[in-house]
Every structure is written in structure tokens, then in C-alpha cells.
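As C-alpha cells, the structure follows; a few thoughts come after it.
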Amino acid sequence: MSVLPRSPRVLALANQKGGVGKTTTAINLGTALAAIGERVLVVDLDPQGNASTGLGIDRSQREISTYDVLYGDDTLAHALCETAVPRLWVAPSTLDLLGLELEIADAPDRAFRLRKAISDYVAAARERSDLPDFSYVLVDCPPSLNLLTINALSASHSILVPLQCEFFALEGLSQLLSTVEQVKNALNPELTIHGIVLTMYDSRNNLSDQVVADVRETMGDTVYETVIPRNVRVSEAPSYGKPVLLYDLKCSGSQSYLRLASEIIQRERRLREAA
Ligand code: ADP
Ligand code: MG
């Protein structure tokens, strides 16, 4: 097993529940980090490809995808697509990813395909000035604890968990945390939990406040201060192939993703100082 490069920082957006805001957070946190000067790669590991679409990459442009990279046919460097956001790239996915798990099931390195692709990229970028030198890689995981998510967790320094402000928010979290523990023990001793981000908060709904209070009480400081509000501009933006920060910078959704980005950078700084 190769050692994770120190830079870029690799963060997996994971939660086996669908519809909790993983992809929305990958797109908009990635954009917000790029807006404040980071060089960011979003790796789309969901066969649905919503992160790729939301970042403006049409299916016809996805000549080389994360499927090719994980299958072992091509490099991450070849899969990079520029986005409309300066300093933000995406490695797009296609529906081919649906079949990958079966295709590589017998390969001894099946859980390390992404980790290898990222370390190869970092080594290539050191030699080649035409390849961006990323400071963050955000991996958008599918809504399942399958081999794709395991690849993301074994390639990441840290996991970032979006939780939707709904009645059953914490349900399923213990299963996710025990998967993280297993990956840490068996595949990636460096893996930590970066934080939990509460999404789709609705100030008109008392239940949302109750959920925020419960999650903070149970999970303590792991939960970021920033809460992402439910905001119609956030849900409209992907149909224009744009991150919400380009679609409407002033809306509450954009502003909260900018706050989340600076909170993440602060946490990173504290982690570095503690190391
Ligand atoms: P996941 O990737 O976890 O399945 P998504 O990010 O695709 O979840 O979000 C699920 C749906 O909720 C999408 O239609 C998305 O546009 C919408 N959504 C996500 N975050 C917000 C938000 N803050 N406000 C409004 N709609 C949101
Ligand atoms: Mg998604």
C-alpha cells in the first residue's frame, strides 16, 4: 500500500443515504474553495454523474472517465476536465461505473485503485508543469457503502459527512462510522473524520432546529458550525450546469458554502499545527 501524499488533501464526501447533499456539497464546496484560492479537483465516483453534470460537463465531453481510471485503462491526468470556475477541475463519471465492482472483484488491489491513481497523478504533476498542482481533492461518493465508496475512503485523508436536517438524520450514521473504522483498521490507518455538515436546514420548520440540536448533542465538535440552508437557488443551479456560487453568489446557499470552505480551511490549519 502506497503512503498518501501530504498534498493535496483528499476528502471523501460520503453517506450511504441518497439525497442528503453529497453531490451538492462536492460541487459547491469545491467552488467555494477554488474561489478563495485553492486548486481543487472534484472526483465523481457516482455512476449517476450528477457532480459532472452540475459542473457543466455534458455526457459527450466525458471521453475519459473515472471508470477508465479505476479500471486501470487510463490516468487521472487524462480524465481531468476544466470547469467554468477558475482553479476547479472535475474527473467525470459515466454509467460504466455501475459495472466496475464486478469487473475488478477478483483483483487484489481493487480497494486501492483510486489511491494509486491519485498518487500517480501527484508524481506526474511534480514533473509536468501542464498539470494542476491540486491543494484539495473532493471525492463525491455514490449512495452506498460499495467498492466505489471503499476506494474513496482508502484514498482519503478524511471523510466529510453531509447529514440532511430531517427526522431520521442520525439513522445510518453508526453504520457509516463503523465502515470508516473498518477501513481505517484494514486499508487506511490515516483516515479521520473531518466533520459532519448539516444540510437543507429549514428555518420555518421547528423540526430542523430539533435535528440540529440533537446532532450537535450526539456528535459534538465533529459537526461544523456552518449549517447549509434549504435554498431553491441551490437546487436550480445544476440544471444550468453551474455551481450556485456562479448562478447566484448572493443567495444564502452560496454564502453558507463560502463559510463552510473557510471553516474547513481553519480546521485543516489546526490539524497541521497539531501534527
Ligand atoms: P446526494 O448526492 O447525497 O444524493 P444531492 O446533493 O444530489 O444529494 O441532493 C439531493 C437533492 O436535494 C438534489 O435535488 C439537490 O438539488 C437538492 N438539494 C441539496 N442541497 C440543497 C439545498 N441546500 N437547498 C435546496 N435543495 C438542495
Ligand atoms: Mg450524489
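The values are calculated or read from the model by the stated rules, or taken from the named source; none is laboratory data. Keep in mind the model is a prediction, meaning the values are calculated, not measured. Reconstructed Cβ throughout: ideal geometry from the backbone, glycine too, with neighbour counts over all protein chains shown.
Here are the numbers for the structure shown:
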| quantity | calculated |
| --- | --- |
| Region 135-154 - residue that is free of Cβ contacts under 8 Å to residues at least 60 places away in the same chain and among the polar types (S, T, N, Q) and, of those, farthest from ligand 1 (Cβ to nearest atom) | Ser154 |
| All helices (runs of 4 or more DSSP H) inside region 51-132 with 3 or more residues being closer than 26 Å to Ala32 by Cα | 76-79, 113-127 |
| Unmet criterion (only one of (1) among the hydrophobic types (A, V, I, L, M, F, W, C); (2) under 16 Å from the mean Cα position of the chain (by Cα); (3) within 21 Å of Tyr257 (Cβ to Cβ); (4) outside any loop (DSSP other than H, G, I, E, B)) for Val211 | (2) |
| Residue in region 194-211 that is farthest from Lys184 (Cα to Cα), counting only those that are away from ligand 1 (no atom under 12 Å from the Cβ) and aliphatic (A, V, I, L, M) | Leu207 |
| Inter-residue pairs, beta-carbon under 7 Å, first closer than 20 Å to Asn28 by Cα and in region 48-70, second assigned to a loop (DSSP other than H, G, I, E, B) and among the β-branched types (Val, Ile, Thr), 6+ apart | Gly49/Thr94; Leu55/Thr83; Gly56/Thr83 |
| Which listed residue, of Gly220, Gly172, Gly195, is within 18 Å of the chain's Cα centre (by Cα), over 21 Å from Ser52 (Cβ atoms) and of a type outside the set (A, V, I, L, M) | Gly195 |
| Condition broken by Ala26, with the remaining ones in (1) of a type in the set (Gly, Ala, Ser); (2) assigned to a helix (DSSP H, G or I); (3) at pLDDT 95 or above; (4) more than 18 Å from Ser156 (Cα to Cα) satisfied | (4) |
